[in-house]
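Student: Handing you a structure now.
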Amino acid sequence: MLKTDYLNKIRRQNPLIHNITNIVVANYVANGLLALRASPIMSSAVEEMDELAAICNALVINIGTLTADQVKAMLQAGKAANRQGIPVVLDPVGVGATRFRQHTVARLLAEVQFSAIRGNAGEMAYLANVTWQSKGVDAGQGSADLDDIANIIAQQHRCVAVISGATDVISDGTRLAKIHNGTPLFPRITGSGCLLSAVCGAFLAVADPADAFSALSEACSAYAIAGELAAQGLQPNQNGQFYTALLDQLAALQAGQVRQLAKLQLAELNPKGVNDEDEEV
Amino acid sequence: MLKTDYLNKIRRQNPLIHNITNIVVANYVANGLLALRASPIMSSAVEEMDELAAICNALVINIGTLTADQVKAMLQAGKAANRQGIPVVLDPVGVGATRFRQHTVARLLAEVQFSAIRGNAGEMAYLANVTWQSKGVDAGQGSADLDDIANIIAQQHRCVAVISGATDVISDGTRLAKIHNGTPLFPRITGSGCLLSAVCGAFLAVADPADAFSALSEACSAYAIAGELAAQGLQPNQNGQFYTALLDQLAALQAGQVRQLAKLQLAELNPKGVNDEDEEV
Amino acid sequence: MLKTDYLNKIRRQNPLIHNITNIVVANYVANGLLALRASPIMSSAVEEMDELAAICNALVINIGTLTADQVKAMLQAGKAANRQGIPVVLDPVGVGATRFRQHTVARLLAEVQFSAIRGNAGEMAYLANVTWQSKGVDAGQGSADLDDIANIIAQQHRCVAVISGATDVISDGTRLAKIHNGTPLFPRITGSGCLLSAVCGAFLAVADPADAFSALSEACSAYAIAGELAAQGLQPNQNGQFYTALLDQLAALQAGQVRQLAKLQLAELNPKGVNDEDEEV
């Protein structure tokens, strides 16, 4: 049962979200944040990372179309955000696919403290060092336990781990939330995961850091429910209509709808489900 | 009362508009120019700036996701456009937010002669050195007189200044136009200002340079009216639908509609409204 | 008469398509490939070109917003794709417009073996060294024979040449196909050509290399028919609606529809139609 109402806080405060993101989804992420009533700013220029950290309320780092210049900006921005005390979200798009992405994410995780890491099952399995068959930037297939993967990442990196998919799995290392909302149309459009990462940034921007787990549970619920509402009345192949309708629903979504429609399942962490070796890192 | 009909001239001549623009809005700007029947070309490669100036009918410089490489291209392109005698529009996205943007815009204004500068109130207040509370790339809030801001910029930089917002304010330093058309849905989507800057470029591309003030008054009226028509029948939260409908309306818009629906207010400049110190620069 | 059914093979195999593409269309190309049930990955980072070639099923190189860094990545990626034996598609966007584009395409053609080159009439006329009046990245106008242009390119570069337009012309140097499907709304939106190039990549990804001509005939037919279906019930100026509807139709398109609606005309090459000098190159 959702107890928070950060959605309305976003609408009152209009937090400014700095996105270092990819050329594929920059537009959709900006429109999605605006729909939610957050303010997007996109920049990958190392020259302005420090100043943006001083005026923004959250930072979202997305490696979807990574370049060497962007890596420098990400490190600079992440450290500046840590100094300013604003939340930082990592979206490790396609991290398993190439060493460039692997090394960049390893360095980011070593030098920046993230509040949240949000990825699909394949990306998160790679981060948890669990066998998985990824496919480029798509989730791919595997049989590992998603709860374990989320817990391992949360504990290793002292953050909230969010695995999005048919069921979203959220862990802060001691608690676990599962969100059974959503629609099969989400993976049919590009950027639905990237936009969720930015939405997570917007919710963290207005939340108490100690309440990150709850804020992200609400973020994922709200986003998945907006998707459900957008898919209503659409055929499974109306990708284009869904792309547009999701923006409408993010803009129109009411806190009451989220509370009413959320299929949220909470659990305490089962310690046996976690890889002990990884916990020590 | 609008006297010009550059809209139909755009449709007859299909001017080629070179945009040095940001990764967020490049797609929407291209689609918007195509809807208007102008031809977009996007490039930030310094290697081809001179040649593009020779074949294009206008240049639009937008600093939304500025990089060091882009700065070089902007300077090269701006000077080449000046040599070729084609109009140049500046969109100083989020200029106040960081020194990188401030310094880049200062250098552009020093080395390139712009035909028009189009920004929101916060961006234009920064350029006029007037106190304003900007918010990243969004307009923010302030109490300064927009007429003064527009006049200061027009006089300082010998160009037409366009402040877009609920009411658009246009000044060439001696005349002032206000456009009371538009819709609250404009700021709810990303790139609505960036696209207006490109639309200004398309109108200037087909206008006599001496008629820039009138051409931009028509450009802003046409764009705001397309937005009004797109918003008809939409709810205030249908961001996604509006994004799509604006392209439809830009494509379908007729000169007769613009003349009929334009709420245009013209005035001679009130010299007392202008900061004398700034005029001398 | 279409004999192949690669459309369903794409849907079964979900080939992974690496796109080195431009900031204008990256989003639309990704959404279009997803609609078709292919998996897009966009990257221009030279650091990961070799590894991506090893996991992807096709490479599409698009020079729409070319940068010097991208040129390096394109060459690296193209050679790696050749080593891996995966098909490579070239989209020479606006190649005639500047020397930077001309030199880059010349170098790509010299160092990479392409399976297909897809462009509009202006771009392809430039490649065939035939006089044409191009306009930036748009097709422009000319009176040269498109059959000849396609044949020249196919023979010179030992690939399939695809000229898209009101009628698509496809040549492998010995056979010629013309596709009389489509809609005037295609050139009214940005990226309709770029997305077709990516769609060609998806069809080649699942086809036997010896069957490239047939696979591309089906690709162009399927894409043009999706456009026809998307345009049904739309006005000629509903650019925005068409942009969305094309994604819906690419997702919903059935092989039976393609076979039924295709207006495909096949011919053996007329040797007299070809410039002999060019053949020797």
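The values are calculated or read from the model by the stated rules, or taken from the named source; none is laboratory data. It should be emphasised that the depicted structure is a prediction, and the values quoted were computed from it without experimental measurement. Cβ atoms come from the backbone with ideal geometry, glycine included; neighbour counts cover every protein chain shown. Areas reflect the complete protein model, heavy atoms only, side chains present, ligands, DNA and RNA absent. Shrake-Rupley method; radii C 1.70, N 1.55, O 1.52, S 1.80 Å.
Student: Looking only at B:Ile179, B:Ile225, B:Ile55, which one moves most when chain B is put into a Gaussian network model with springs between Cα atoms under 10 Å?
Tutor: Among B:Ile179, B:Ile225, B:Ile55, the largest GNM mean-square fluctuation belongs to B:Ile55.
Student: How high is the FRET efficiency between A:His103 and B:Asp69 when r is their beta carbon distance and R₀ equals 22 Å, given to the nearest 0.05?
Tutor: For R0 = 22 Å, the calculated efficiency reads 0.40.
Student: With the full set of protein chains in place, find how many percent of the accessible area of segment C:5-266 is carbon and sulfur; take the probe as 1.4 Å.
Tutor: The nonpolar share, carbon plus sulfur, comes to 46 percent.
Student: Kindly tabulate the residues in segment B:218-260 with an accessible-area decrease of at least 30 Å² between the chain alone and the assembly of all protein chains, using a probe of 1.4 Å.
Tutor: Residues meeting the cut-off: B:Asn237, B:Asn239, B:Gly240, B:Gln241, B:Tyr243, B:Thr244, B:Asp248, B:Ala251.
Student: As a test of reading the structure, rank B:Leu33, A:Leu266 by solvent-accessible area (1.4 Å probe, protein chains only), most first.
Tutor: Descending order: A:Leu266, B:Leu33.
Student: Using the crude model of +1 on Lys and Arg Cβ and -1 on Asp and Glu Cβ, and no other charge, please compute the dipole size for the protein assembly as shown relative to its Cα centre, in debye to 20.
Tutor: For the protein assembly as shown, the charge dipole is close to 1260 debye.
Student: Placing the label point 7 Å from Cα along the Cα-to-Cβ direction, what are the distances from A:Pro209 to the equivalent spots in the other copies, shortest first, in nm to one decimal?
Tutor: Counterpart label points of A:Pro209 in the remaining copies fall at 5.6, 5.6 nm.
Student: Hey, for A:Leu234 with labels 7 Å out along Cα-Cβ, what do the inter-copy distances come to in nm, ordered shortest first?
Tutor: Here A:Leu234 shows inter-copy label distances of 1.6, 1.7 nm.
Student: May I pose another question? Kindly flag which residue pairs out of C:Lys3/C:Lys79; A:Lys3/A:Lys178; A:Lys72/B:Lys72; B:Lys79/B:Lys178; A:Lys79/C:Lys72; B:Lys9/C:Lys178 have an alpha-carbon separation exceeding 23 Å in this structure. Can you show the working numbers first?
Tutor: Working: C:Lys3/C:Lys79 32 Å; A:Lys3/A:Lys178 15 Å; A:Lys72/B:Lys72 20 Å; B:Lys79/B:Lys178 31 Å; A:Lys79/C:Lys72 31 Å; B:Lys9/C:Lys178 35 Å.
Violating the 23 Å Cα-Cα cut-off are C:Lys3/C:Lys79; B:Lys79/B:Lys178; A:Lys79/C:Lys72; B:Lys9/C:Lys178.
Student: Provide the solvent-accessible area of A:Lys72, counting protein heavy atoms only and rolling a 1.4 Å probe, rounded to the nearest 10 Å².
Tutor: Counting only protein heavy atoms, the figure is 120 Å².
Student: Still on this structure, I have one more. Using only the Cα atoms of the protein assembly as shown, build the gyration tensor, take square roots of its eigenvalues as a ≥ b ≥ c, and label the shape rounded, prolate or oblate: rounded if a/c is under 1.5, else prolate if a/b is larger than b/c, else oblate.
Tutor: Oblate.
Student: Nearest 0.05, what FRET efficiency do A:Ala144 and B:Lys3 give at R0 = 60 Å with Cβ-Cβ as r?
Tutor: Result of the calculation: an efficiency of 0.30.
Student: Please give the net charge around A:Leu108, taking every other residue with its beta carbon less than 13 angstrom from that of A:Leu108, where Lys and Arg add +1 and Asp and Glu add -1.
Tutor: Surrounding charge for A:Leu108 is +2.
Student: Please compute the average number of Cβ atoms from other chains found within 10 Å of each residue's Cβ in peptide C:163-171. Walk me through the numbers before you get to the answer.
Tutor: Values: counts 0, 0, 0, 0, 0, 0, 0, 0, 0.
For peptide C:163-171, the averaged partner shielding equals 0.
Student: In deg cm²/dmol, rounded to 500, what helix-only [θ] at 222 nm does chain A give when every DSSP H run of at least 4 residues adds -39500 (n - 2.57) and the total is split over its residues?
Tutor: For chain A, the value works out to -15000 deg cm²/dmol.
Student: In whole angstrom, note down how far apart the Cα centers of segment A:236-261 and segment C:200-240 are.
Tutor: 30
Student: All other residues with a Cβ under 12 Å from the Cβ of C:Ser214 taken together, and with Lys, Arg as +1 and Asp, Glu as -1, what is their net charge? Please list the in-between numbers first.
Tutor: Numbers: positive: C:Lys3, C:Arg175; negative: C:Asp5, C:Asp172, C:Asp208, C:Asp211, C:Glu218.
Value of the local net charge: -3.
Student: Moving on to the next point. How much accessible area per residue does the protein assembly as shown have, in Å², with a 1.4 Å probe?
Tutor: Counting only protein heavy atoms, the per-residue value for the protein assembly as shown is 36 Å².
Student: Okay, next question. Return the average number of partner chain Cβ atoms within 10 angstrom of each residue Cβ along peptide C:80-89.
Tutor: That works out to 0 on average.
Student: Among C:His18, C:His103, C:His157, whose mean-square fluctuation peaks in a Gaussian network model of chain C (Cα, cutoff 10 Å)?
Tutor: C:His103
Student: In addition: Quick one: check the C-alpha center-to-center distance for segment C:1-61 versus segment A:46-62, whole angstrom.
Tutor: 32
Student: In whole angstrom, note down how far apart the Cα centers of segment A:93-111 and segment C:104-131 are.
Tutor: 36
Student: Another question, if that's okay. GNM on chain B, C-alpha springs below 10 Å: top fluctuator among B:Ala255, B:Ala224, B:Ala177?
Tutor: Result for chain B, Cα springs under 10 Å: B:Ala255 fluctuates most.
Student: Between chains A and C, what is the buried accessible area summed over both chains (1.4 Å probe, protein heavy atoms, nearest 100 Å²)?
Tutor: Details: alone 12370 and 12420 Å², together 22460 Å².
Buried surface at the A/C interface: approximately 2300 Å².
Student: Using a simple charge model, +1 on the beta-carbon of Lys and Arg, -1 on the beta-carbon of Asp and Glu, nothing else, what dipole does segment C:5-266 show about its Cα centre, in debye to the nearest 20?
Tutor: 100
Student: Counting only C-alpha contacts under 8 Å and six or more residues apart, can you give the relative contact order of chain A as a whole percent?
Tutor: Relative contact order, chain A: 21 percent.
Student: Please report the equivalent ellipsoid semi-axes of chain A, computed as sqrt(5 x eigenvalue) of the Cα gyration tensor, largest first, in whole Å.
Tutor: Equivalent-ellipsoid dimensions as semi-axes: 24, 23, 19 Å.
Student: Please figure out what share of the DSSP beta bridges in the protein assembly as shown is antiparallel and state it in percent, rounded to the nearest 5.
Tutor: In the protein assembly as shown, approximately 45 percent of DSSP beta bridges are antiparallel ones.
Student: For segment C:5-266, what proportion of DSSP beta bridges, expressed in % and rounded to the nearest 5, is antiparallel? List each step's numbers first, then the result.
Tutor: Details: 12 of 31 bridges.
That works out to approximately 40 percent antiparallel.
Student: Next question, about the same structure. Whose Cβ in chain B comes nearest the axis that rotates B onto C, and by how many Å?
Tutor: Residue with the nearest Cβ, plus whole-Å distance, for chain B: B:Ile23, 3.
Student: Could I ask something else about it? Can you give the FRET efficiency for A:Arg11 and A:Arg158, using 1/(1 + (r/R0)^6), R0 = 25 Å, r = Cβ-Cβ distance, to the nearest 0.05?
Tutor: The pair A:Arg11/A:Arg158 has a calculated efficiency of 0.25.
Student: Buried by at least 40 Å² relative to the chain on its own: which residues of segment A:47-75 qualify, computing accessible area with a 1.4 Å probe on protein heavy atoms?
Tutor: Correct list: A:Glu47, A:Glu48, A:Glu51.
Student: For segment B:1-50, which trypsin sites (Lys or Arg not before Pro) pass both filters: DSSP loop (anything but H, G, I, E, B) and at most 15 other C-beta atoms within 10 Å?
Tutor: Those that pass, being in a loop and sparsely packed, are B:Lys3.
Student: So, one more: Averaged over C:92-103, how many beta carbons belonging to a partner chain fall within 10 Å of each residue's beta carbon?
Tutor: 4
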